[in-house]
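Note sheet for the following structure.
The values are calculated or read from the model by the stated rules, or taken from the named source; none is laboratory data. As the structure is a computational prediction, the values presented were derived from the model and not from experiment. Cβ placement follows ideal geometry from the backbone for every residue including glycine, while neighbour counts extend to all protein chains displayed. SASA here: full protein model, heavy atoms, side chains in, ligands and nucleic acids out. Shrake-Rupley method; radii C 1.70, N 1.55, O 1.52, S 1.80 Å.
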Amino acid sequence: MIEDNNNINSSSSTSPPITVVRERTLSSSGTRYSMNSMSPNHRLNGANNNHSNSSSDRDEESSGYDDDDDDYLDTSSEDEAINSIEIYDELASNGNTILTTSTTSLNGANLNNNNNDSSRRFRQLNNNNNNNNNHSNNYRNNNSNNNHVNSNSNNNRLRRNRNNRANYDGGCCGLLSVFTSLFSFGKSRNNLDILAGGGGSGGGGVYSRKRNILCVGVTLLFIVSIFLILMVLMRVPVSYSDQEEYSDRILTSYCRFGFIKNSAVYQQLSSPSQLQTSCVFGPDHLDYECTPAANTRLTNYRYELEVADGYGGSSSGSGGNNINTAAAAAAAADPFSCQQPVVSVIVPIYNIKIEYLEEMILSLERQSLQSFEVLVVDDGSTETPLESFLRNWKSRDPRISIHKHSSNRGLSAARNTGIRHSRGDYLFFLDGDDQIEPTTLEKLAWKLESTPEIKFAKGLTVGFGAQNYTWNKGFEQSTGFLSENQVTATIMFRKDVFTVQGKSLTAGGATTPQSTPIFNGYDESIIGGMEDWDFLLRLAEKGYWGETIPEYLDWYRRKDTETSKQTWSNFNTEKKEKLIAQFKLKYPLIHSNAFPKIEKKDRNYQIESTLSFHNPIKKVGPRLLLILPWFNTGGADKFNLNLIKQLVQKGWEITIVATLQSNNPWLDQFKSLTSDIFILNNFLSIYDFPRFLCYLIESRRIDITMVTNSEIGYLFIPYIRERCPYSSIVDYIHMEENEWKNGGFARYSLSLQSQLDLSIVSSDHLKEWMIKKGTQRFSHSSGGQSSNNMVNNHLQIKANKQQEKEYTRYAQSLKNNIDVAYVNVDTNEFFMNLVERSSVRSRYSIPPGQTVILYAARLTEQKQPMVALEVFKDMILKNLSFTALVSGDGALREQMEEFVQRNGMADHVKLLGNVPLYDMPRLISASDIVFLPSKMEGIAMLFYEAMAAGVVPVGAKVGGQDNAVASSARDRPILESSGVTYHQSSAHEESRQELS
């Protein structure tokens, strides 16, 4: 939970605070209010509640007009005020705060309305009933010769209060009975009795029954009207808000889940022990036991299709319960009875091992895209336990359908049967013993959605079982398919490739349409393997081709050699050569010309706004969408890891989007915390970035969208705010960058303050910088006029005062909308470990007692690694004994290596490159000083880590760096090189205690 002035993990003194967010709510105008600021006596004035009639000699005391707060107050009866408070307290305890406040407001507004029309009505009613001169303590008799109420009004008032209490306690309408009275006021004597008598349950005869019916009808009409108005104003789909268990998403904003901090239910949603034991598969962690179906795989993000939201919805009105029941029953039997699935997964099987099938099913159930159907085609299996297993699977998941061949007809026939019965626009083929990663279906569907020029797509492959390997080839090896199949059969196709009209290649490799429709199914005459290879070549002959997502998405089970030869006879060398010869005859065009060329169409920078499909995921806890540039080595990335880790431990589900292409060395670290990760450049055109972000917000029902260090993320904030306003939007800024974009991401944040719900910064310095930068437009003088002229110019003085007011108002707005949250550090992770200190020093042959200096950062201009080398060079020339460990990678790596070799510094400076994240605490423990001469910083994460381990931080006095140093040591320079002054804290322990 993120809350004001409290660490996220406030229950533990050792966990770092990550973000500080004040609770805010949004009105339709964008002004921020706090619902907690409303007191029980607060009364919002209606359109007519601040003015009485035109009489100029009214008695202010009797009228209740208060000059101090300019509100029309009812002082004639304390009894009613007490009653209103009692009502407010009772309703507030039932969660009706907004409704109660509004009702109290309208009550006050209407009963205080003393315009001439109501005065005439009241005089007319007095003529009909002289003993009841006043039936409301806020209506006065406006006769020309008196301004008092009848002596009987107190008795009437007491009687009305008693009846109103009965009405609120047990009446037919409850709170809204006052609206019925006001609507019918003055029309008849009976209507007057309604106002005087209230809505209690104690009798009333015919008029009471009519009143009850009218009361219920008006109440229902009022509630429905308010609901529809709110839906229109907030642009929230009814299907979206119907499923929420908490109140309005916009008004309660990003602190809506404040209760989870102390909720045992949500604390149990994601156990920290699971994070510690979960496995990860990636380029740096080739753990072939960590399959998508492995028990050690992280499953803290729960994907489950919300059938009621997108597929059936809800009904209201007469017979609504029966309709809902019928719809629920239909949805339970077939969740796609009203809308087709996005993907049809076709699974051919034949006498498969049940344990393999169970693992395949588990990998399907863990898919982030849950809008899929599974067509299991049993190609004549003879094993009875398998048939029983399939029936049980179908009974627990209505998305499953089973199609059985009476005899074994081969893999091609089984796949063709699945194609003919499929309903989705995209067909995905998955063998019964293979597995897929959690985001496979979603990424492949969006790849096809975003790239209309291709007809099929797949990811990279992991081989497991009898052989373990990674396969990095794909459709980009186009001509390689002429001699050997380059991919597995785990491919997603557009359904139209099986039914649409074909194309033919021209001599130049371009395609021309054919008029004859064809069926591009698998060749059922090929039995014994390689039917998928034949199918791909046939598509190429027709001018169709695909692309590969550069991520490991499917796991291909490898069997031992003998089993493979028995199952797939066509892999025999002799038969394979015979098939290749047949392919040359069947597909002459692709063997004589180039493969089909994917001709990307120019979209003229058009950004699509509609979603072609929906994937409503059932919500069980709060969710965050984090938009960041990449998963690289650095302090900002470590901050992101810390943030995600703590939120996951508190029950949050995290979706991460990366907007830049990178080798992402820390990707595996993020995958150990959440499976819902999307590197947009891998499968989307940039034109579809904003549409996909809105898709994620709608699909996951994101509560907070957070942008940090992503330029593309900032550029798309207005689109997200306009198109998908269901999520609160915040950003986190680490530092200002004066040499880039006039302030960098801090400047982006300032320009988007009207779109952001909150900006969070890493230091007080950065907050002050943003306020100063944001108010610069008010600091320019009118120019060219002397001071005497300006003093004498009344209009200029007035303009200056107005500008000063605007400056003050805007500066205060920025101050309120920018919060400071230090990144801090987990002291359970970083501390002085003497065992690791000795181990690391031994690893790099560092003599005992020698000073070790650690430089750890991205090797870019901003971190000034060449300045660090210059300092090390000066220290060597002064014969100082030290060893410098340089950890990191980047654009300046080669330049640094050349500098070290040219100056003979290899004995003192060791370039380590990127080190694993888990090695950083060890390196810090082995060091005596951490050195970071950055050109610009917020507060370096490395400084927090060093201080937690008792290591001295030394760095440039830039940005908010001095916020991490005790005030007694801020102005003591110790090193100077290349025009940069470096500082260290002599009061290190004091500083560490300050920050802890």
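Remark: pairs (first residue in region 342-360, more than 20 Å from Gly410 (Cβ to Cβ); second residue among the basic types (Lys, Arg) and open to solvent by 10 Å² or more (accessible area, probe 1.4 Å); Cβ separation under 7 Å; 6+ apart in sequence or on different chains) = Ser344/Arg423. If you go through region 455-473 and keep only what is more than 23 Å from Leu298 (Cα to Cα) and either modelled with pLDDT under 95 or open to solvent by 20 Å² or more (accessible area, probe 1.4 Å) (or both), you end up with Lys455, Ala466, Gln467, Trp471, Asn472, Lys473. Would you check if Glu547 is open to solvent by 60 Å² or more (accessible area, probe 1.4 Å) and either closer than 24 Å to Leu369 by Cβ or not assigned by the TED database to the domain that holds Thr439 (or both)? Answer is no for this residue. Restricting attention to region 403-423, the residues that are under 8 Å from Leu375 (Cβ atoms) and either surrounded by fewer than 17 Cβ atoms within 10 Å (Cβ to Cβ) or aliphatic (A, V, I, L, M) (or both) add up to 2.
Restricting attention to region 568-579, and to residues there that are open to solvent by 70 Å² or more (accessible area, probe 1.4 Å) and at pLDDT below 85, which single residue is farthest from Pro292 (Cα to Cα)?
Taking region 568-579 and keeping what is open to solvent by 70 Å² or more (accessible area, probe 1.4 Å), we get 568, 571-575, 577-578.
So of that shortlist, the ones also at pLDDT below 85 come out as 568, 571-575.
On the way: Trp568: 26, Phe571: 28, Asn572: 31, Thr573: 33, Glu574: 36, Lys575: 34 Å.
Result: Glu574.
Evaluation of Tyr748 against the conditions (1) open to solvent by less than 10 Å² (accessible area, probe 1.4 Å); (2) over 21 Å from Leu641 (Cβ atoms); (3) more than 15 Å from the chain's Cα centre (by Cα) shows that the sole unmet condition is (1). Checked across region 683-703, the condition of being within 14 Å of the chain's Cα centre (by Cα) and either assigned by the TED database to the domain that holds Asp889 or in a strand (DSSP E or B) (or both) holds for no residue.
Can we say Lys600 is open to solvent by 20 Å² or more (accessible area, probe 1.4 Å) and outside any loop (DSSP other than H, G, I, E, B)? Steps first, please.
On the way: open to solvent by 20 Å² or more (accessible area, probe 1.4 Å): yes; outside any loop (DSSP other than H, G, I, E, B): no.
No: the conditions fail for Lys600.
Inspect all residues belonging to region 647-664 and state whether any of them is basic (Lys, Arg) and in a helix (DSSP H, G or I). No, region 647-664 contains no residue that is basic (Lys, Arg) and in a helix (DSSP H, G or I).
A residue that is under 30 Å from Leu357 (Cβ atoms) and not assigned by the TED database to the domain that holds Phe475 can be found somewhere in region 631-653. Elements of the type helices (runs of 4 or more DSSP H) sitting completely within region 737-800 and holding at least 1 residues that are at pLDDT below 70: these cover 787-792. Among the residues making up region 729-745, those that are touching a Ser or Thr at 6+ places or on another chain (Cβ under 6 Å) and either surrounded by fewer than 24 Cβ atoms within 10 Å (Cβ to Cβ) or within 16 Å of Val657 (Cα to Cα) (or both) are Ile729, Asp731, Tyr732.
State all residues of region 716-727 that are assigned to a helix (DSSP H, G or I) and more than 24 Å from Ala821 (Cβ to Cβ); if no residue qualifies, say none. Walk me through how you get there before you give the answer.
Let us first name the residues in region 716-727 that are assigned to a helix (DSSP H, G or I), namely 717-723.
Those that are assigned to a helix (DSSP H, G or I) and more than 24 Å from Ala821 (Cβ to Cβ): Pro718, Tyr719, Glu722, Arg723.
Among the residues of region 801-843, those that are hydrophobic (A, V, I, L, M, F, W, C) and assigned to a loop (DSSP other than H, G, I, E, B) comprise Ala821, Val823, Val825, Phe830, Phe831, Met832.
Hey, among Tyr918, Tyr944, which residue is of a type in the set (Ser, Thr, Tyr), modelled with pLDDT of 85 or more, surrounded by fewer than 22 Cβ atoms within 10 Å (Cβ to Cβ) and outside the structural domain of Trp740 (by the TED database)? I'd like the intermediate steps shown before the answer.
On the way: Tyr944 fails: surrounded by fewer than 22 Cβ atoms within 10 Å (Cβ to Cβ).
None of the other options fit; the residue is Tyr918.
Could you check region 452-493 and list, in sequence order, the residues that are outside any loop (DSSP other than H, G, I, E, B), within 32 Å of the chain's Cα centre (by Cα) and farther than 15 Å from Phe683 by Cβ? Correct list: Thr461, Val462, Thr470, Phe493.
The single condition among (1) in contact with a helix residue (DSSP H, G or I) (Cβ under 6 Å, 6 or more places away or on another chain); (2) open to solvent by 10 Å² or more (accessible area, probe 1.4 Å); (3) more than 27 Å from Val342 (Cβ to Cβ); (4) not hydrophobic (A, V, I, L, M, F, W, C) that Tyr719 does not meet is (3).
Residue by residue through region 897-915, note down the ones that are of a type outside the set (Gly, Ala, Ser) and open to solvent by less than 30 Å² (accessible area, probe 1.4 Å).
Filtering region 897-915 for residues of a type outside the set (Gly, Ala, Ser) gives 897-903, 905, 907-912, 914-915.
Phe899, Val900, Met905, Val909, Val915 - these are the residues of region 897-915 that are of a type outside the set (Gly, Ala, Ser) and open to solvent by less than 30 Å² (accessible area, probe 1.4 Å).
Of all residues in region 874-887, those that are without any contact (Cβ under 8 Å) to a residue 40 or more places away in the chain and assigned to a helix (DSSP H, G or I) total 3. Annotation note: Cβ proximity below 7 Å between a residue of region 477-490 that is in the same structural domain as Leu536 (by the TED database) and without any contact (Cβ under 8 Å) to a residue 40 or more places away in the chain and a residue that is open to solvent by less than 40 Å² (accessible area, probe 1.4 Å) and part of a helix (DSSP H, G or I) (sequence gap 6+ or interchain) occurs for Gln486/Gly480. Residue pairs whose Cβ atoms lie under 9 Å apart, separated by 6 or more positions or on different chains, with the first residue in region 550-572 and farther than 30 Å from Phe683 by Cβ and the second modelled with pLDDT of 75 or more and of a type in the set (D, E, K, R), are Lys559/Asp433; Ser564/Arg558; Thr567/Lys559; Ser569/Lys575; Asn570/Glu531; Asn570/Lys576; Asn570/Lys578.
Residue by residue, here is whether (1) outside the structural domain of Ile733 (by the TED database); (2) assigned to a loop (DSSP other than H, G, I, E, B); (3) open to solvent by 60 Å² or more (accessible area, probe 1.4 Å) holds:
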residue	(1), (2), (3)
Leu854	yes, no, no
Ala868	yes, no, no
Phe872	yes, no, no
Asp889	yes, yes, yes
Gln895	yes, no, yes
Ile924	yes, no, no
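Filtered by the rule that a residue be in contact with a helix residue (DSSP H, G or I) (Cβ under 7 Å, 6 or more places away or on another chain) and either open to solvent by less than 20 Å² (accessible area, probe 1.4 Å) or closer than 21 Å to Pro616 by Cβ (or both), region 679-696 gives Leu680, Phe683, Leu684, Asp688, Phe689, Pro690, Phe692, Leu693, Cys694.
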